[in-house]
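Working notes, structure below.
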């Protein structure tokens with residue numbers, strides 16, 4: 001018997017060690033369950049199987065150590081049905097400890113949640129107790145005494161798991177219980193004997209309490225080796241360094257941007273506070289300046305102004321080193337935006353005429369708009385392109 005118990009302990013310990021590879025170890029308060037059960041028990045040999053059968057009720061408290069291995073305590077009470085001369089309702093009891101091995105998880109592996117149907121082996125040992133009470137015809141009352149014995153148990157659990165989180169289990173529990181100390185015999189040696197064994201068949205309902213991980217059973221976790229953990233830590237430290245460098249660069253860039261913004265704001269404020277300036281042509285001579293006038297709202301050169309453009313072209317052809325600067329103006333009518341556009345268009349019109357019609361090189365001509373002009377007292381005369389010739393320096 002000792003060899004059997006020792007072998008079972010070694011097997012269960014090995015299974016428990018292997019199971020921890022694939023699942024996270026539970027806290028002591030995790031993976032507990034409670035069971036209520038009931039059924040029948042009858043002597044295995046030497047008695048009528050059903051004639052001497054009696055009812056049995058019981059309860060279990062159990063902790064699942066791994067998905068394969070569980071430990072628990074149980075109590076069973078046998079109802080006194082065949083021995084009517086006994087005054088007790090329960091004439092026998094069994095209180096013991098047991099271990100279970102889930103064969104599905106042992107041979108097929110744990111899936112993360114219990115299967116719908118599972119089979120477990122059960123091995124246990126405990127205290128058998130007999131409550132004896134017989135009618136004494138001499139004194140006219142019941143006389144009682146107790147009997148104690150050591151018992152061992154072996155059986156199977158056929159489990160059906162159900163519920164949204166598989167928190168409930170219904171089980172069919174066949175088992176054999178051996179009386180090793182012979183409750184009612186002191187002449188035979190203590191050994192496992194079918195003549196002193198009972199067959200049990202019970203059905204039970206089990207509730208699995210909720211665990212700290214939020215489920216009612218073990219949760220599978222990915223195993224990490226130390227090399228992988230060290231590699232992940234190195235990546236985290238590297239990313240932290242990059243983040244710190246990025247934050248430092250961002251702070252420096254922000255400071256530079258703020259300084260640039262302040263500089264531009266100061267320049268903008270200075271520009272907005274400056275009074276408008278009107279460009280006036282002074283000290284121009286007839287030899288160096290030519291005027292091309294335009295009609296109101298127009299930027300095309302009219303026929304009467306073409307001789308002025310031709311004079312500029314003739315001068316530039318005679319003096320290959322000479323250049324011309326063209327500045328376009330508008331009269332005060334209209335918005336500033338429109339006047340700025342038309343002033344530029346008038347300067348570009350003279351330039352385009354010199355380049356396209358008279359074949360003057362474009363790099364010898366500069367043209368730009370100057371907005372509203374105030375060179376002449378007559379507003380209409382300020383619709384003009386003023387062409388300033390740079391004298392030939394040869």
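Go through segment 349-365 and give me each residue that's under 16 Å from residue 389 (Cα atoms) and out of contact with any helix residue (DSSP H, G or I) (no Cβ under 8 Å at 6 or more places or on another chain). If the condition is that a residue be under 16 Å from residue 389 (Cα atoms) and out of contact with any helix residue (DSSP H, G or I) (no Cβ under 8 Å at 6 or more places or on another chain), then 363 is the only one that fits. For segment 203-238, give me the residue count where each residue is closer than 16 Å to residue 168 by Cα, surrounded by 11 or more Cβ atoms within 10 Å (Cβ to Cβ) and out of contact with any strand residue (DSSP E or B) (no Cβ under 7 Å at 6 or more places or on another chain). Looking only at that region, the number is 3. When the residues of segment 289-333 are filtered to those that are surrounded by 15 or more Cβ atoms within 10 Å (Cβ to Cβ) and assigned to a loop (DSSP other than H, G, I, E, B), which remaining residue is farthest from the chain's Cα centre (by Cα)? That would be 319. Given the criteria farther than 30 Å from residue 110 by Cβ and surrounded by 10 or more Cβ atoms within 10 Å (Cβ to Cβ), does residue 248 qualify? Spelling it out, residue 248 is indeed farther than 30 Å from residue 110 by Cβ and surrounded by 10 or more Cβ atoms within 10 Å (Cβ to Cβ).
Residues in segment 370-393 that are closer than 23 Å to residue 322 by Cβ and part of a strand (DSSP E or B): 370, 384, 385, 386, 387, 388, 389, 390. The condition of being closer than 18 Å to residue 126 by Cβ and buried (at least 16 other Cβ atoms within 10 Å of the Cβ) holds for residue 56.
Every number here is computed from the coordinates shown, using simple stated rules; none is lab data. Note that this is a predicted model, so its numbers are computed, not measured. When we count neighbours, we look across all protein chains shown, and the Cβ atoms used for this are built from the backbone with ideal geometry, even at glycine.
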